[in-house]
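Data block below; observations after.
Bear in mind these aren't lab numbers, they're just calculated from the coordinates by the rules spelled out. Just so we're clear, the structure is a prediction, and the values are computed from it rather than from any experiment. Cβ placement follows ideal geometry from the backbone for every residue including glycine, while neighbour counts extend to all protein chains displayed.
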């Protein structure tokens, strides 16, 4: 698969969901962190919490916001929703220009992982003019079907 990208402007996005703390992402632990991301979503799916958020979704997308620090990854699974849950937390994704990559077919988690890998190992080195903000990135399940997924990754530009 050859990954291509576009640069798009997005409005501020307000999400409601559930966060967990994972190890900081590195080339040596990417597979393990990916597995933990999948487990977080599975737990929310089994509990019914995520499907409840999607019932009030404004755009019918599932979002995962990864906020990166030197020591950990704050991994947030949520939706742009009207549903309120006292146990849920809110995250705000800033407006701005984002690198956008899309893929489809197959399971969502491997598609997300491939897009991110392609971006950091191929696209970014070949396009040094892309000044990206490495503090966070957004993974989006666009069709609600994790086994036959249509996904999008957004990485903010500085």
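From the Cα gyration tensor of the stretch 63-129, with a ≥ b ≥ c the square roots of its eigenvalues, which class applies: rounded if a/c is under 1.5, or else prolate if a/b is larger than b/c, or else oblate?
Working: a/c = 1.97, a/b = 1.63, b/c = 1.21.
Prolate.
Along the Cα→Cβ direction, 7 angstrom out, place labels at residue 60 and residue 82. What is the inter-label distance in nm?
1.6
Per 0.36 nm of contour for each residue apart, how much would the distance between residue 122 and residue 107 grow if the chain were fully extended, relative to their Cα-Cα spacing?
Details: separation 15, 0.36 × 15 = 5.40 nm, distance 2.22 nm.
So the extension gain works out to 3.2 nm.
What list do you get for 11, 57, 47 if you sort them by fewest beta carbons within 10 Å?
Values: 11 8, 57 18, 47 12.
Ordered by Cβ neighbours within 10 Å, fewest first: 11, 47, 57.
Divide by every residue of the chain the summed helix terms, -39500 (n - 2.57) for each DSSP H run of at least 4, and state the resulting mean residue ellipticity at 222 nm, rounded to the nearest 500 deg cm²/dmol. It would help to have the intermediate numbers written out before the result.
Working: 3 runs with 36 residues, N = 158.
Here the helix-only value at 222 nm equals -7000 deg cm²/dmol.
For an R0 of 25 angstrom, estimate the FRET efficiency from the Cβ-Cβ distance between residue 129 and residue 70 and round to the nearest 0.05. Let's see the in-between values first.
Working: r = 26 Å, r/R0 = 1.03.
Computed FRET efficiency for residue 129 and residue 70 comes out at 0.45.
Given 4 °C and 1.567 mPa s, how large is the Stokes-Einstein diffusion coefficient of the stretch 87-158 in µm²/s, with Rh as the Kirkwood radius over Cα pairs? Don't jump to the answer; show the numbers that get you there.
Values: Rh = 13.1 Å.
The Stokes-Einstein estimate is 99 µm²/s.
Kindly state, to the nearest 0.05, the FRET efficiency for residue 8 paired with residue 89, given R0 = 22 Å and r defined as their beta-carbon distance. Working shown, then result.
On the way: r = 26 Å, r/R0 = 1.20.
It comes to 0.25.
For the stretch 27-62 and the stretch 128-158, what is the separation of their Cα centres, given in Å?
So the two Cα centres are separated by 15 Å.
In what order do 49, 37, 90 fall by count of nearby beta-carbon atoms within 10 Å, going from fewest to most? Mind dumping the intermediate values first?
On the way: 49 19, 37 22, 90 11.
Lowest to highest Cβ neighbour count: 90, 49, 37.
Using a 10 angstrom cutoff on alpha carbons, build the Gaussian network for the chain and name the most mobile of 74, 85, 113.
Highest fluctuation of the listed residues: 85.
Suppose the chain between residue 52 and residue 147 were pulled fully straight at 0.36 nm per residue; how much longer would it get relative to their current alpha carbon spacing? Please report the intermediate quantities before stating the final value.
Working: separation 95, 0.36 × 95 = 34.20 nm, distance 1.95 nm.
Contour length minus the Cα-Cα distance gives 32.2 nm.
When the Kirkwood hydrodynamic radius is evaluated over all pairs of different C-alpha atoms of the chain, what value in angstrom, to one decimal, is obtained? It would help to have the intermediate numbers written out before the result.
Numbers: mean 1/r = 0.0630 Å⁻¹.
Hydrodynamic radius (Kirkwood, Cα pairs) of the chain is 15.9 Å.
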